[in-house]
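Please read the structure below before turning to the comments.
The values are calculated or read from the model by the stated rules, or taken from the named source; none is laboratory data. Being a predicted model, the structure only gives us computed values, none of them experimental. Cβ placement follows ideal geometry from the backbone for every residue including glycine, while neighbour counts extend to all protein chains displayed.
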Amino acid sequence: MASTIDTPIAGRHVSTRPAGGLGLNRYQNVFTAFVVAAGGYLLGHYIGNVIGSGYVSVQGGGQNDVAIVLALTFGALGWLLGIGALNYPLAKLVGASPEYPPTEGGWMRYFRFSLDHKVVGMQYVIATLLFLFTGGLLAMAIRTELLNPTIHVLGPGTYIAVVGEHGTIMMMMASSLVIGPLGNWLVPLMIGSRRMAFPRVEAFSLWLFTAGYMVILTALPMGGFPTGWTGYAPLQTQAGGGMDSYLVGFAIIGTGMVLAGFNLAATIVTCRAPGMTWGRLPIFVWSVLATAALLVFATPTLICAGLFGILDRTAQTAFYVNEHGGSSFLWENLFWFFGHPEVYIMALPGFGMVGEMLPVFTGKQLFGYKVGAAGMIGVALLSFFVWQHHLFQSGINPDMRPLFMLTTELISIPTGFIFLVGLGTLWKARMRMEPPMLFCLALYFNFLIGGITGVFLSDVPVNVTVHGSFFVLAHFHYTIMGGLVFAFFGGLYYWLPKMTGKTLNRKLSLAHFWVMFIFFNLTFFPLLIVGLLGQPRRVFEYAQRLQPLNDFASVSAYILGASFLIFIANFVWSIWIDPKPAPTNPWGSRGLEWQVPTPVPAYNFEHIPVIVSDPYLYGVPDAPPVADFGGASSPAYAAALAGDTAGDGAARSE
Amino acid sequence: MSTPRRSNDLRTMVTIWLILSAVLDPVYFWVIGPHMPPGTMTDSAAGQQFDINVLVVTALPVVLAVWVYMAYAVINWRASKIPADTPVFVADPKRATRIQVAWILVTAVTVMWAFGFGVYELVVPAGAGGGEGPNPVWTPTSKNILPIQVIGQQWLWTYRYPTFGGFETTQLMIPNNTEIAFHVTSLDVIHDFWAYQLGVKADANPQEDNVAFTHTAQVGRFTVRCDELCGIWHGAMYDYGHIVPKATFYKWATSTEAKLASQTKLLPPFAWIYTPDANGADGGYYPNNVVPYNKTELYSSQHVRITQYGAKNS
């Protein structure tokens, strides 16, 4: 065991390994990826035209979905090939030795295929921010169109395309928002590992994620897709070429989500340092584990559902076509069977991050650690039994309605645990109102409104009034944006000093928080009322009497959008223009990730740490350090080898 | 063993919370509640309004509890206000466990109350105005139910009155003080029939008869909107209906039946669902599962399918 857990770094550093394999990695980066992706797109289109141009449906409709689907698929494959994500399997196929991508190369390594989880994490940060800002710009367009109930800026076709793109991009982004950037960057550091369980799978999931981004954007030049992010059939079957981008894009992103979840779960289960018992696992890692389970078990349903849709549109199958033996209810069920766990894929990591930050900024132990972890597992389990609450008015068998009302409302019990953990930790605390702490408090404020409105939606009679209205829209923005996105930015302010080695400007950070918090609420609270007053979602025309509220929400939304510019300015200013080095542990955290030097070495820990105490012993007099980093010479290490994982020679009290 | 005393902090918070809840709950219920959507035009609308109000009255103290707690914490427990030498509060493990158990019990009881009340409000007003599919389980007790077929198509609503020869019109007229069964279906993609002030909402699925019941209680105009994204003109798919006195309705229905008789002959025979023409885009459709109906029987509003529902439930 000694040889496996505490191998010295010398001789193990990836950069010292021979390049091996096909030797292509050093020449590959996003530019080659673009070139090969374009080639793949053209090749796919050509093959699709050869196969599909003779079809009666293609000749009659003038739209060759076979060519579009193959072009997008080959384009995505080309992207992966061009970046070098397929080098390893290809080398194996031809019997060459495995290839290790170079780790050196300064900033260029962020534009390459990398196996360092910290590089992949930063790549994810940039990629998810790109998603977020693209989706955000589309949101500005939506709010502009809704400034007037009858005078149109975009027109109905463009509007519906923008609505669909906004929803889909944001959902894709939010699914990976925390898991991708922070999950990949932090989890190995938090559990005392030098890497993820499957570094190639980790990098592969990132490049799939970026491919999905480009694929979903190709919908716009093809006229978009008219279904919104929910993609309901038979409108899906009827729609133009943009629908193929939606289906292929979701399948690609979905595959990336499954791989990322599976890799994170494997890492957490198998790569924990000695002494990192389940009872000492940071609460953020618990949330990532619960989310990983959802990613692995729920997302395959989406991929299959998307595949059926692709087959209906290309091979003329009839999964969702009623008159040929299929059912439009099939898509609704499959989509929401994924779609509701998806909601918690987006919520749980936010809870975990807040649970991680609160003890640091309150100077107190996390209240009800076990209850918090149990709450996350409870939410994850229950989330598979609630999907039909999206279909209360659909005409599906009404017998099931009370059951799904019950399961949905039951979710508020484990969600309540998360509130208990937060509020309990605040009790008689010494709060430091740093930007991350403000974002944490805002999450509780926002998510309370999101959660309570969710109980209203789960109630079938109330659902008759508000289903499909702006009330639903405001509700899920309160949970996803008010919860996850706030937690994400709190997390960025908290962890970026470690990730980048630079201190973010505090004044700009505070300005970002206050503008975002105030105008988030001023945007979405009026929209709750707009929904109650009868405005359906995704309409470009609405009742004249609702114009003042809509205009108020639009103006607030513009300022909310501008708040992200403050973040960008802060990021650019603090990282590049006026960089100030960050201390190793600026917040005084006990987290394992803060105990390593800044910048974090490629191999994270010189010696695998032995965890000797609980992670949240803040304010406890004479609390032992969280881990022993002494390597083979330290007593804790010897004790760990002897099987006493607590390292203190005594049985653990828990 | 000394009993831990409740701190002043808790007492202050509970007092503020109790006062706020005791003031805001009644103000909401009696001042704002009666004006809440979707109004009281039908029994299902009134039921939904009451349900919303009861949930708000339940939720308001929960929200206030969290907000008061957080506000109190932010004001009083910030580092700048607490002397540096104050020892950090460490929760007594036994007390912490008691708080956790109490929290779980309180949330569980609140949830079960919301669930029980929601089921009551779903079952008693015959499905609360929501679409119950082709085989409704919660049906009105009245035998006199007027069936109205709602047909969604890209991008307008039409209505057929099987009781009056199955004429089809874009005007939605409903008699007051009558039990109505909306049979909602679609000729193309999924739409959603949302009669806002009636408290009725049901998806219009192709080849599916989605039934929603309501009992009209006031005359007046109501809005109909499509509530499921159905393509580019989804936002323009709305119109208005009217609840009119019974006599006015029968006068309108019989005269419209006579006026449209020649056009009704050209329509596909009345059916609960229709199958689009195999050639698709030309807009043609033909009846599917034609239910034979007897005109005399229908004129007495004893619809064959509705009678079956009654028999099923009796």
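Brief remarks on what is shown
- Qualifying positions in region A:427-456 - more than 8 Å from chain B (Cβ to nearest Cβ) and among the charged types (D, E, K, R): A:E434
- Any hit, region A:492-513, residues being within 14 Å of chain B (Cβ to nearest Cβ) and closer than 30 Å to A:T584 by Cβ: yes
- Sole residue being buried (at least 19 other Cβ atoms within 10 Å of the Cβ), facing chain A (nearest Cβ under 7 Å), aliphatic (A, V, I, L, M) and in contact with an Asp or Glu (Cβ under 8 Å, 6 or more places away or on another chain), chosen from B:V137, B:V111: B:V111
- A single member of B:V74, B:V56 is of a type in the set (V, I, T), more than 30 Å from A:F361 (Cβ to Cβ) and part of a helix (DSSP H, G or I), and it is B:V56.
- Applying the criterion of being among the β-branched types (V, I, T) and more than 7 Å from chain B (Cβ to nearest Cβ) to the residues of region A:462-476, the residue that is nearest to A:M171 (Cα to Cα) is A:V472.
- The residues in region A:589-636 that are closer than 22 Å to A:L366 by Cα and either within 14 Å of chain B (Cβ to nearest Cβ) or part of a loop (DSSP other than H, G, I, E, B) (or both) can be counted, and the count is 19.
- Residue count for region B:193-231 under the criterion of being at the interface with another protein chain (Cβ under 7 Å from one of its Cβ atoms) and of a type in the set (S, T, Y): the result is 2.
- Reported count of residues in region A:190-222, each being closer than 21 Å to A:S287 by Cβ and assigned to a helix (DSSP H, G or I), is 7.
- Scanning region B:254-269 for residues that are touching a residue at least 60 places away in the same chain (Cβ under 8 Å) and polar (S, T, N, Q) yields B:T254, B:T256, B:Q263, B:T264.
- Residue in region B:158-165 that is in a loop (DSSP other than H, G, I, E, B), buried (at least 20 other Cβ atoms within 10 Å of the Cβ) and over 18 Å from the mean Cα position of the chain (by Cα) present: yes
- Any hit, region A:568-586, residues being part of a loop (DSSP other than H, G, I, E, B), closer than 26 Å to A:K507 by Cβ and touching a Phe, Trp or Tyr at 6+ places or on another chain (Cβ under 8 Å): yes
- Qualifying residue in region A:536-547 (condition: under 30 Å from B:G39 (Cβ atoms), of a type in the set (D, E) and either within 14 Å of chain B (Cβ to nearest Cβ) or surrounded by fewer than 16 Cβ atoms within 10 Å (Cβ to Cβ) (or both)): yes
- Qualifying residue in region A:334-344 (condition: within 14 Å of another protein chain (Cβ to nearest Cβ), in contact (Cβ under 8 Å) with a residue 60 or more places away in the chain and crowded, with 23+ Cβ neighbours inside 10 Å): yes
- Among the numbered conditions (1) modelled with pLDDT under 95; (2) closer than 19 Å to B:E121 by Cβ, the only one that B:A79 does not meet is (2).
- The set of residues from region B:46-65 being more than 8 Å from chain A (Cβ to nearest Cβ), within 22 Å of B:G199 (Cα to Cα) and of a type in the set (G, A, S) comprises just one member, B:A46.
- Test: residue in region A:373-383 that is out of contact with any strand residue (DSSP E or B) (no Cβ under 6 Å at 6 or more places or on another chain), surrounded by fewer than 24 Cβ atoms within 10 Å (Cβ to Cβ) and not aliphatic (A, V, I, L, M): yes
- Test for A:G224: is it in contact with an Asp or Glu (Cβ under 8 Å, 6 or more places away or on another chain) and on the phi > 0 side of the Ramachandran plot: yes
- Meets criteria (more than 9 Å from every other protein chain (Cβ to nearest Cβ) and assigned to a helix (DSSP H, G or I)) for A:G424: no
- Candidates A:F338, A:F367, filtered to the one that is assigned to a helix (DSSP H, G or I), among the hydrophobic types (A, V, I, L, M, F, W, C) and touching a helix residue (DSSP H, G or I) at 6+ places or on another chain (Cβ under 9 Å): A:F338
- Any hit, region A:379-398, residues being more than 11 Å from every other protein chain (Cβ to nearest Cβ) and among the polar types (S, T, N, Q): yes
- Condition broken by A:P586, with the remaining ones in (1) away from chain B (no Cβ under 14 Å); (2) over 23 Å from the mean Cα position of the chain (by Cα); (3) farther than 30 Å from A:F629 by Cβ satisfied: (3)
- In the condition set (1) crowded, with 23+ Cβ neighbours inside 10 Å; (2) more than 7 Å from every other protein chain (Cβ to nearest Cβ); (3) of a type in the set (D, E), A:D459 is compliant with all but (2).
- Residue within region A:162-173 that is at pLDDT below 90, in contact with a helix residue (DSSP H, G or I) (Cβ under 8 Å, 6 or more places away or on another chain) and either crowded, with 24+ Cβ neighbours inside 10 Å or within 14 Å of another protein chain (Cβ to nearest Cβ) (or both) present: yes
- Apart from one condition, A:N550 fits all of (1) part of a helix (DSSP H, G or I); (2) surrounded by 23 or more Cβ atoms within 10 Å (Cβ to Cβ); (3) not hydroxyl-bearing (S, T, Y); the exception is (2).
Rundown of residues vs (1) within 30 Å of B:A258 (Cβ to Cβ); (2) at pLDDT below 90, yes/no style:
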position: B:V124; (1), (2): no, yes
position: B:G131; (1), (2): no, no
position: B:N135; (1), (2): no, yes
position: B:V150; (1), (2): yes, no
position: B:T170; (1), (2): yes, no
position: B:P175; (1), (2): yes, no
position: B:D192; (1), (2): no, no
position: B:L198; (1), (2): yes, no
position: B:A204; (1), (2): yes, no
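- Residues in region B:66-98 that are under 30 Å from B:V119 (Cβ atoms) and more than 9 Å from chain A (Cβ to nearest Cβ): 0 in all.
- Qualifying residues in region A:391-407 (those that are farther than 10 Å from B:D203 by Cβ and of a type in the set (S, T, N, Q)) - the one modelled with the highest pLDDT: A:T407
- Of the helices (runs of 4 or more DSSP H) lying entirely inside region A:1-68, those carrying at least 3 residues that are buried (at least 16 other Cβ atoms within 10 Å of the Cβ), small (G, A, S) and at pLDDT 95 or above are A:30-52.
- Any hit, region B:197-219, residues being surrounded by fewer than 21 Cβ atoms within 10 Å (Cβ to Cβ), of a type in the set (S, T, N, Q) and outside any strand (DSSP E or B): yes
- Residues located in region A:404-421, provided they are buried (at least 23 other Cβ atoms within 10 Å of the Cβ) and more than 10 Å from chain B (Cβ to nearest Cβ): A:I418
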